[in-house]
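The values are calculated or read from the model by the stated rules, or taken from the named source; none is laboratory data. In this text the structure is predicted, and so the values were computed from the model without any measurement. For neighbour counting, all protein chains shown are included, and Cβ atoms are generated from backbone atoms with ideal geometry for every residue, glycine included. The accessibility values were calculated without ligands, DNA or RNA, using every heavy atom of the protein model including side chains. Shrake-Rupley method; radii C 1.70, N 1.55, O 1.52, S 1.80 Å.
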Amino acid sequence: MISQAIQTACVGVIPKTYFSMGDENITAPYCVHRESSTPQYMKGVIAEYAWDAEIAIIADDPAELESLGNSIRTAIGNLERTTSSSTYIQDVTYLGDSPEFDEEENLYVTVLRFQITTTNR
C-alpha cells in the first residue's frame, strides 16, 4: 500500500512521522503525510492509480527544515520502481513545495507535493 511505503520512507528520515494527523503535543521536527488516488482506466479496466501525496515537514529551524525536505524528497523518489505490500510504484514525480512560517507556534513548515503512479492500490 502506498501510504505504508511513504510512512516507511519518511520514518527513515524523521522518526516522528504520522499519517494524516500528528500528536497534539509533539515536538519538532516531525512529519505528517496524506495521500489520495484516482483510478486511471484503459478500455474500461483500471490500468493504474494516480496518487496525490502531500508531506508536511515541521521544524523549528529553517536550515533543518531544508535539510529534512531534501532528505524526504530523496527517500520518496527512491520509491520509484519498487514494490511495497504487493503495490508496484511505477513513477514518482516531485511537484514542488510550499514553505511557510507559523508565527503562532514559532515553527517552519513546508508541504512537499508528489504525483505517484502505481499499478494497484
Checked region 95-117 for anything touching a Gly at 6+ places or on another chain (Cβ under 7 Å) and under 19 Å from Thr8 (Cβ atoms); matches are Leu112
By residue number, the members of region 17-38 that are under 17 Å from Thr93 (Cα atoms), surrounded by 11 or more Cβ atoms within 10 Å (Cβ to Cβ) and either in contact with a Pro (Cβ under 8 Å, 6 or more places away or on another chain) or of a type outside the set (Lys, Arg) (or both) are His33, Glu35, Ser37
On the given criteria, is Glu103 acidic (Asp, Glu), closer than 22 Å to Met21 by Cα and either in contact with a His (Cβ under 9 Å, 6 or more places away or on another chain) or open to solvent by 20 Å² or more (accessible area, probe 1.4 Å) (or both)? yes
The condition of being part of a helix (DSSP H, G or I), aliphatic (A, V, I, L, M) and surrounded by 11 or more Cβ atoms within 10 Å (Cβ to Cβ) holds, among Ile58, Ile72, Ile14, only for Ile72
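Just name the residue that is nearest to the chain's Cα centre (by Cα) out of those in region 32-70 that are under 30 Å from Glu103 (Cα atoms) and among the small types (Gly, Ala, Ser).
Checking each candidate, the answer is Ala53.
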Of the residues in region 85-121, those that are hydroxyl-bearing (Ser, Thr, Tyr), under 19 Å from Thr38 (Cβ atoms) and not in a loop (DSSP other than H, G, I, E, B) come to Thr87, Tyr88, Thr93, Tyr94, Thr117, Thr118
